[in-house]
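What follows is one structure encoded as structure tokens, with my remarks underneath.
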Amino acid sequence: MTAAAELTAPKIALADGLTSAEAAARLAREGPNALPGGQKRRLLAIAAGVVREPMFLLLIAAAAIYLVLGDIREALVLAASVIVIVAIAIVQERKAERALEALRDLSSPRALVIRDGERRRIAGAEVVPGDLLLIAEGDRVAADARLVAVNELELDESLLTGESLSVAKRGGDGVFSGTLAVKGQGRAEVTATGVHTELGKIGRSLATLAPEPTSLERETRRIVRVVALAAGGLCLLIAALHWLVRGEPLAAVLSGVTLAMALLPEEFPVVLTVFLALGAWRISRHGVLTRRLPAIEMLGAASVLCVDKTGTLTENRMRVVETPQGVIDVAALACEPEPFDAMERAIVSQASTEAAARRREWRLERDYPISGEFLAVCHAWLTREGELRVALKGAPETVLALCGREDLLPVIAQAAARGWRLLGVAEARAAGPALADPRQYAFRWVGFLALADPLRASVPEAVALCRQAGMRVVMITGDFPGTALEIARQAGIDARVAASGAEIDAMDDTALARAVEQVSVFARVRPHQKLRLVAAFKAAGEVVAMTGDGVNDAPALKAAHIGIAMGERGTDVAREAAALVLVKDDFASIVETVRLGRRIYENIRAAMRYIIAVHVPTAGMACAPLIAGWPIVLFPLHIVFLEFVIDPACSVAFEAEPSEANAMRQPPRRPGAPLFTARMLATSVALGAAVLLGVLVLYGWALGSGRLEAEARAMAFAAIVCGNVGLILAYRTSLAARNPALWWIVGGALAALALTIYAPPAAALFGFAPLALSDLLLSGIAGLAGPAAYAAMRYVPSS
């Protein structure tokens, strides 16, 4: 059914919107309200990507050499391992893709609609033709629609037309998917969704944009290039040495290929791809959506969290307290006809029946919105008798000044000390047309309206955790300074003094830089002042995380190292500018995200250290026997076996490692600190060398004690596998931490090792002979000695 035909189908009254059942039926018929996204990579495309990988090419070369040598069995086994490697690559890629697809679904634009007569915030993809769409300032229009009610609505349609000026809309006008509401409000009936919208016809799709590599990816690629070049030179040297010493050209090439396979750190890109994709998915499970992966890198370095008060630190459950009904009724007339703000909803819900009737029966003649110069909302209503009734609510200091009642200013401090938010309320009567400036009306003071918004129960503990983690929490709010200080005191934020937006404007950059070092509460702050605060913190060398929800917050969110948009009350513009989006506007979610960010980064470091260390004994045993004149220990098949241990260990086991117990008792990571430090590289190489030394001593002893070559090879290989297991355990966050994935990998590796030694067909394939239990124990000791010593230094407290 077409969108036009759908709109003619019988449905309930427009004011009630669609029923849930009807919306579900239309969604099934019309499909999701989404443009065609980027194409998933097909299996053949993923396989083709694997074919271009150096490890794959080395395996093919090794199989070809075995064919030339006449060893058909070895060639077939390597060919089979190629298939297994392709399968593993496909599984890993699909896993990362599924995690990212789930995030895209969660972070897609949201829409506010009327369903079953109630407001519902739904995913933009669930909007259907016939839905009653509510549009407010800062929202992106979710679908093409026809306006049925409008209140000074203006849209930025530059995405479609290229015209930079906003367009005023009237009832009956069309609005288009992807355009942005820059002013006012409106209700619209959806006429087209998905590919049927004007935007869909043009065929724009952000999914075709290729993401830029993160700093971690750039650093890792650089390391891989350096190692690959060094490995290439060393392989040529070993191949030449083998040819000169033993005079076997094909065997020499095979030894070079084996060493190349042992040295190539192809796991690095896998680690980053899997860790960042699954890390973003893990963060989403805590109510935080990742729009930009580099934000995950920065989380562990955040040193200042700049947060809003209302809805982030508090519950955003505004309720009117200790206010006369007459004041509430006048304040209700100064609320939007369809209030979206939690404060306005609380006021309207407590207005009398008579006030509610006036809001329905009177005509809104003029709406004077809040501005930086006029901190109040004013509505001029035309009564049935033709009289103009003007209602005003806003910052007490603004309203009191208009009414000449500055003598009541001390009341504000008294209410703020109780954590209340006060609004001044006034009214005026006039004849004739509405005035251009609301300050021209003769206002009469009506009274104060008090609102309470309790602190979230989880906030004090979360703030204490931030302080423990070396992160400073700064409150930036538009509320009155006294109220802000009281909420800050309850939350555990430094509440000795508050700076106002006016004071920020009066400071030059030097004075503001000094202020941000001492002040943790900023009140009566406007969006442009948020941007100055972000710049001041950054100039002081801080890594800044900033929350925001409005259209004008977008510059500050973009300027911050980590912009965090509010998912519940935030505008689409804020979400698009931010790197992270809070599904529930809860401060505790931010703190938990920082913890996860630190965990992800540390797990990446652990995996990288393991990869570096584990390649040392593998590469060493690929070339040391040749130099010593001993029988060769490792061939391509052995390297493939070890890769089947290494890849899952670094990409699955380490990714699943829990946070260290003291993760939030450490200072933030220094911004720009390299992942691969000289100390990290030296420690990893030294630990790998310790494993190599144990394996070499064992192999030399086995050969010297009269063991068969196959027995000595089996002992050396068992020591290498045990060394790998030891390295995994040595780099864990805690030996006692729960990680089922790790134990499956360790158990699988040891079981596979036993199979290669004691199952005759596998033992023949690997060139092994069965080992006595004593020899197997010796192999375990030789491989585990180095990692055990390192783990003891890490886990055993010094006296």
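Computed from the C-beta positions of LEU765 and ARG285 and an R0 of 45 Å, the FRET efficiency is 0.55 to the nearest 0.05. If only the Cβ of Lys and Arg carry +1 and only the Cβ of Asp and Glu carry -1, the dipole of the range 574-663 around its Cα centre is close to 180 debye. Accessible surface ranking for SER774, SER284, 1.4 angstrom probe, highest first: SER774, SER284.
For a test of the definition: using alpha carbon positions, the gyration tensor, and the 1.5 limit on a/c, classify the range 612-769 as rounded, prolate or oblate. Because a/c hits 1.5 or more and a/b exceeds b/c, the range 612-769 counts as prolate. Inverting the pair-averaged 1/r between distinct Cα atoms of the range 637-710 gives 16.5 Å as its Kirkwood hydrodynamic radius.
Taking label points 7 Å from Cα along the Cα-to-Cβ direction, ALA673 and ALA686 give a separation of 1.9 nm.
Against the criterion of solvent-accessible heavy-atom surface with a 1.4 angstrom probe, HIS561, HIS615 sort, most first, into HIS561, HIS615. Judged by the ratio a/c of the largest to the smallest principal axis of the C-alpha gyration tensor, the range 509-609 counts as oblate, that ratio being 1.5 or greater while a/b is no larger than b/c.
Computed over the range 278-349, the range of Cα coordinates on each principal axis works out to 54, 25, 18 Å, biggest value leading. Working from the Cα coordinates of the range 309-398, the gyration tensor eigenvalues give, after taking √(5λ), semi-axes of 23, 16, 11 Å in decreasing order.
Measuring r between the beta carbons of ALA539 and ARG418 and using R0 = 30 Å, the FRET efficiency lands at 0.25.
Full extension of the segment from GLN325 to ALA628, taken as 0.36 nm per residue of separation minus the current Cα-Cα distance, would add 99.5 nm. Averaging the sequence gap over all C-alpha pairs within less than 8 Å and six or more residues apart, then dividing by the number of residues, gives the range 689-799 a relative contact order of 44 percent.
Once you have a ≥ b ≥ c as the square roots of the Cα gyration tensor eigenvalues for the range 471-530, tell me rounded if a/c is under 1.5, and otherwise prolate or oblate according to whether a/b is larger than b/c. Because a/c hits 1.5 or more and a/b fails to exceed b/c, the range 471-530 counts as oblate. Other residues whose C-beta falls under 10 angstrom from the C-beta of MET507 contribute a net charge of -2, scoring Lys and Arg +1 and Asp and Glu -1. In the structure displayed, which of LYS309/LYS530; LYS538/LYS558; LYS183/LYS530; LYS169/LYS309; LYS393/LYS558; LYS309/LYS584 lie more than 23 Å apart, Cα to Cα? The pairs that break the limit, which is 23 Å between Cα atoms, are LYS169/LYS309; LYS393/LYS558.
The values are calculated or read from the model by the stated rules, or taken from the named source; none is laboratory data. Because the structure is predicted, anything quoted here is derived from the model rather than measured. As a convention, Cβ positions derive from the backbone with ideal geometry for all residues, glycine included, and neighbour counts pool all protein chains shown. Areas reflect the complete protein model, heavy atoms only, side chains present, ligands, DNA and RNA absent. Shrake-Rupley method; radii C 1.70, N 1.55, O 1.52, S 1.80 Å.
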